[in-house]
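Take a look at the structure set out below.
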Amino acid sequence: MELFFDLVYVFAITQLSEFLGRHLSSRGALQALVLFGAVWWAWNYTAWATNWIDPDRWRVALLMIVLMGISLVMSASIPEAFGSRGMAFAVSYVAIQVLRSGFMVVALRGQAMGRNYAQLLAWSAISGAVWIAGALAHGDARLWLWIAALVLDLGAPLHGFRLPGVPGTPLEAWTLAGGHLAERCQLVLLIALGESVLRVGATFGAEHGRAAVDTAFVVGFVTTVSLWAIYFLHHAEVGARSMAVATGAAARMGRSGYAYAHAIMVAGVIVVAVGIRLTIGHPEGASSTAVAATVLGGPTIYLAGDALFKHSVTTERTLPPVLGICVLALLSPLALAIDRLSLAIAAMVVVVVLAIAAGRREPAGAES
């Protein structure tokens, strides 16, 4: 059921990639970030909820199907979320958050987790009012109201969903099946990487036939594979094992290492997909500021998430991804002096080196 639910987020990630590709500006990037934050928070809270309810039970399966349908409406509204479909996006997002939390309050009534979810429901209603207010506004007013709403959503867990006269719920009170959450976040990251593969194939299918385009196709594919290898060849398993054996610290590790770190990595993959499309479409084209921001920024964002994941969940050194970020930053001054393909090759070399380093460290107990 959970895998079936995740399928709608394949569409959501594709929509976000398309939105960013059509709005390559600082304003467009900020808008895309707000939309991504809502999409991720809707998925993330559902992934956490299934730690306490069984998706194989018919009532829970029905809830997941309803949430899936509403998520489809939310995803379909992304291209015009800051235009004619703002209300559809906001209402569907708020409905997901309120409906899920309300279900959890009823399902866990009489338990400590039921109280926790009651406070989460209250904060979802508070931020939901701001989301709806933003949908009623236009232009910059909508953007700033939605930023405020997203800050409310993201900030609520940090203070334990505290309300006037009601103390917050400590993070340790959110008992968590760490291995389950690790698996869910790994799968959604695979979904994002899959969208990048689709972007490579679709763009190449429309543009192939020239040496530069074919080279850009190879570069895009190798870059995507390298991003997969940086995380999945070693660190994903290490993190999952750490989460599986964690007890009181599982929720804290899950929040920073999975809810936040994996959000950053997924965002990085979305930006990478846009950079791949721009490179394969016009490999000899000049590297404008917007193009450079996607080609170099995508891997940078991904590595930042990888560093946070290592710091939060594993005992692995964060130096490799930090060095990768520094090298990508050093490439920035060259971005406007070389073409898109050359810039993409330079970024590819950085992630390939990190992938090789990750591959050389086999998980404990692995056999060659």
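How long is the gain from Glu2 to Ile126 if the chain were fully straight, where each residue apart is worth 0.36 nm and the alpha carbon distance is subtracted?
Gain on extension, Glu2 to Ile126, equals 41.9 nm.
For the chain, list log₁₀ I(q)/I(0) at each q in 0.08 Å⁻¹, using the Debye formula over Cα point scatterers of equal strength and ignoring solvent, two decimals each.
Those come out to -0.40, one per q.
Mind sorting Thr223, Thr14 by how few other Cβ atoms lie within 10 Å of their own Cβ, fewest first?
Placing the least packed residue first, the sequence is Thr14, Thr223.
Which order, highest average first, do 154-164, 125-135 follow once you tally other Cβ atoms within 10 Å for each residue and take the mean per peptide?
Numbers: 154-164: 14.5, 125-135: 19.2.
Taking the mean over residues of other Cβ atoms within 10 Å, the ranking is 125-135, 154-164.
So what is the relative contact order for the chain, in percent, with contacts set as C-alpha pairs under 8 Å and at least six apart?
In percent, rounded to a whole number, it is 16.
Quick one: divide the alpha-carbon radius of gyration of segment 178-359 by 2.2 N^0.38 Å and tell me what you get.
1.04
How far is helix 86-107 tilted, in degrees, relative to the longest principal axis of the Cα atoms in the chain, given as a value from 0 to 90 rounded to the nearest 10?
50
So if I take the centroid of the Cα atoms in segment 163-183 and the same for segment 94-155, what is the distance between those two points in Å?
16
Among Cys185, Cys326, which comes first, then next, by fewest other beta-carbon atoms within 10 Å?
Ranking Cys185, Cys326 by Cβ neighbours within 10 Å, fewest first, gives Cys326, Cys185.
Points 7 angstrom from Cα along the Cβ direction at Ala112 and Ala148: gap in nanometres?
According to this spin-label approximation, the distance is 3.6 nm.
Describe numerically, in nm with one decimal, the distance between label points set 7 Å from Cα along Cα→Cβ at Ala337 and at Glu80.
4.6
Using Stokes-Einstein with the Kirkwood hydrodynamic radius over Cα pairs, what translational diffusion coefficient do you get for segment 277-325 at 25 °C and a viscosity of 0.890 mPa s, in µm²/s rounded to a whole number?
For the chosen part, D equals 201 µm²/s.
Full-extension gain between His159 and Val225, please, as 0.36 nm times their residue separation minus the C-alpha to C-alpha distance.
Values: separation 66, 0.36 × 66 = 23.76 nm, distance 3.81 nm.
Fully extending the segment from His159 to Val225 adds 20.0 nm.
Does anything in segment 39-76 have its amide N under 15 Å from the 7 Å Cα→Cβ label point of Val10, and if so which residues?
72
With θ taken as phi - 60° and the coefficients 6.51, -1.76 and 1.60, list the Karplus ³J(HN,Hα) couplings across segment 53-69 in order, rounded to whole Hz; mark glycine and proline as x.
10, 9, x, 7, 6, 5, 5, 5, 4, 5, 4, 4, 5, 5, 4, 4, x
Stretched out fully, how many nm does the piece from Arg360 to Arg22 gain, at 0.36 nm a residue minus the Cα gap? Please list the in-between numbers first.
Working: separation 338, 0.36 × 338 = 121.68 nm, distance 3.88 nm.
Extending this stretch completely gives an extra 117.8 nm.
Where nothing but the Cβ of Lys and Arg (+1) and of Asp and Glu (-1) is charged, how large is the charge dipole of segment 178-359 around its Cα centre, in debye to the nearest 20?
400
Based on the Cα gyration tensor of segment 2-173, what are the three equivalent ellipsoid semi-axes, each the root of five times an eigenvalue, rounded to whole Å and given largest first?
Semi-axes, largest first: 27, 20, 13 Å.
Read phi for every residue in segment 233-243 and hand back ³J(HN,Hα) as whole Hz from Karplus 6.51 cos²θ - 1.76 cosθ + 1.60, θ = phi - 60°, with x for Gly and Pro.
Once θ is set to phi - 60°, the couplings for segment 233-243 become 5, 8, 6, 4, 5, 4, x, 4, 5, 4, 5 Hz.
Quick note: the coordinates plus some simple rules give every number you see, no bench work behind them. This one's a predicted model, so the numbers in the text were calculated from it and none came from an experiment. Backbone-built Cβ (ideal geometry, glycine too); neighbour counts: all protein chains shown.
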